[in-house]
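See structure below.
The values are calculated or read from the model by the stated rules, or taken from the named source; none is laboratory data. Bear in mind that the values here come from a model prediction, so they are computed numbers and not experimental data. All Cβ positions, even for glycine, are placed from backbone atoms using ideal geometry, and neighbour counts span all protein chains on display.
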Amino acid sequence: MKTEKRIFTIAICIVSCIFLLTGCEAMRKKFVRKRKKTESTEPMVIVPRDYSAHPFPSDVLYKQYFVYWKSWNQELVESLNDKLSYKKISDCAEQALMNLKKMATYLEEEKAKELQAYIKKTEDLKGRIEYVKNLPPSQMNMLKYDAERILSAVNRKFDLGKMKDHLK
């Protein structure tokens, strides 16, 4: 029994020495994944494009900015009604003003001047919102009333159906 243990121990030592001397290169190759060759030999071609000319006619762009303005102004009225955070109210007013200005760029000069009055009212509303961060409920209701008046007036007077003949 002792001789069998010695033979077994000697065999393990011999195998260990063989692994140490030769290394486990075959084992490493067997269990390591080979890389897939995805590298392309073709050079990449980059062609710059000029996007300055807009492919959309002015009526499509006017309608787009009108819809954006309407949704932002409705969001402003709702956020004033629900007394949401100052940042949300200010952001809604800023976006509504930006889209009103973009609408004016697509109108003829006469109608753009009419729209300019509502742009000034929206700027005034935005200024009053930024002036007072913590508004009492009575002033919130006044701001909401002003935003609703601007929404209804611009929606009634500057709809795409009425402005189609006055676009640039």
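Of the residues in the range 51-99, how many are within 20 Å of the chain's Cα centre (by Cα) and hydrophobic (A, V, I, L, M, F, W, C)?
12
Would you check which residues across the range 7-39 are of a type in the set (Ser, Thr, Tyr) and either modelled with pLDDT of 80 or more or within 48 Å of the chain's Cα centre (by Cα) (or both) and list them?
Kept after step one, since they are of a type in the set (Ser, Thr, Tyr), are these residues of the range 7-39: 9, 16, 22, 38.
Correct list: Thr9, Thr38.
Restricting to the range 121-168, name every residue that is within 22 Å of Ser85 (Cα to Cα), part of a helix (DSSP H, G or I) and among the β-branched types (Val, Ile, Thr).
Hits for the range 121-168 are Thr122, Ile129, Ile150.
For the range 115-133, which positions are surrounded by fewer than 16 Cβ atoms within 10 Å (Cβ to Cβ) and either at pLDDT 90 or above or among the acidic types (Asp, Glu) (or both)?
Filtering the range 115-133 down to residues surrounded by fewer than 16 Cβ atoms within 10 Å (Cβ to Cβ) leaves 116-117, 120, 123-124, 127-128, 130-133.
Selection gives Gln116, Ala117, Lys120, Glu123, Asp124, Glu130.
For the range 40-58, what are the residues that are modelled with pLDDT of 70 or more and either closer than 30 Å to Leu160 by Cα or acidic (Asp, Glu) (or both)?
Residues satisfying the conditions are Glu42, Asp50, Tyr51, Ser52, Pro55, Phe56, Pro57, Ser58.
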